[in-house]
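Notes follow once the structure below has been shown.
The values are calculated or read from the model by the stated rules, or taken from the named source; none is laboratory data. Note that the coordinates shown come from a computational prediction; the quantities given were computed from them, not determined experimentally. Ideal geometry is used to build each Cβ from the backbone, glycine not excepted, and the neighbour counts take in all protein chains shown.
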Amino acid sequence: MQSYPPKQAELPFAIIEGKPLSTPPEDLYIPPQALEVFLDTFEGPLDLLLYLIKRQNLEILDIPIAEVTRQYMDYVEMMRTIKLDLAAEYLVMAALLAEIKSRMLLPRHEETEDEDDPRAELVRRLQEYERFKQAAEAIDKLPRDSRDHWSSQVEPLREQKETPQPQVELHEVLLAFKDILTRADMNISHEIERESLSVRERMSQILATLNADTFTDFHTLFTPEEGRMGVVVTLIALLELLKEKLADIVQSEPYAPIYIQVAQGATDS
């Protein structure tokens, strides 16, 4: 039994309300321009000229004006054929190209050989336009917000809760205040200030300690427990006693112990 390969079913022309339609309706009108695709779009006549030059790898400083003019006019004629609205700039550029072409076809006399190239102004405009176009393309490649990345904006959730005011009785406030007063009394400290030492009183104490018959060691007259102030007052008192010749200071040799004794005249008086 001979087997035949499966055949693909005919695809419907369209599906309307769930029903396949194999043939278009007879009363369906399709404009002639609906099935035409226009691929190359330009932002102006300079953009079109630059495209024609770059497509053929021509030197922008030495434009073959005749060939470029022919291609430009073919493009303008094509836009007219497909009934596209032509801006006035394209027609102005067509007239400019025709003028440059005619000027280049005119013979030059020997005395006018130094005349400027008719293409110079057009070349300058094309170079300037190319620089701006390259700068625009470079800027367009930069990361752009809402195109290449999107900034997230999140607002924190704030829950509004109603906090009822507590009912506080007056006696509760008084109890709390009493507790604060108690703690304040506990922090009160009583400081006892020491009375300032008197040099005259210390002179009397030293004279009472000294003995007229024996020598008293210099170090024994000082009490380190009294601190720096007590030691200084004792020293000043000794110096006052020596000044008033109420005591004598004795040392047998350098670096030997120092002794204090009541002056001889003080005991006689």
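Identify, please: which residue in segment 210-248 is free of Cβ contacts under 8 Å to residues at least 12 places away in the same chain and of a type in the set (Asp, Glu) and is, among those, farthest from residue 261 (Cα to Cα)?
Per the criteria, the residue is 225.
Out of the residues in segment 151-207 that are over 57 Å from the mean Cα position of the chain (by Cα) and among the basic types (Lys, Arg), state the one that is modelled with the lowest pLDDT.
Across segment 151-207, the extreme among qualifying residues is 194.
Considering only residues that are at pLDDT below 75, part of a helix (DSSP H, G or I) and of a type outside the set (S, T, N, Q), which ones fall in segment 29-58?
First pass over segment 29-58, keeping only residues at pLDDT below 75: 29-42.
Adding the requirement that they be part of a helix (DSSP H, G or I) leaves 32-35.
Hits for segment 29-58 are 32, 34, 35.
If a residue has to be part of a helix (DSSP H, G or I) and surrounded by fewer than 16 Cβ atoms within 10 Å (Cβ to Cβ) to count, how many in segment 59-70 make the cut?
Of the residues in that region, 3 qualify.
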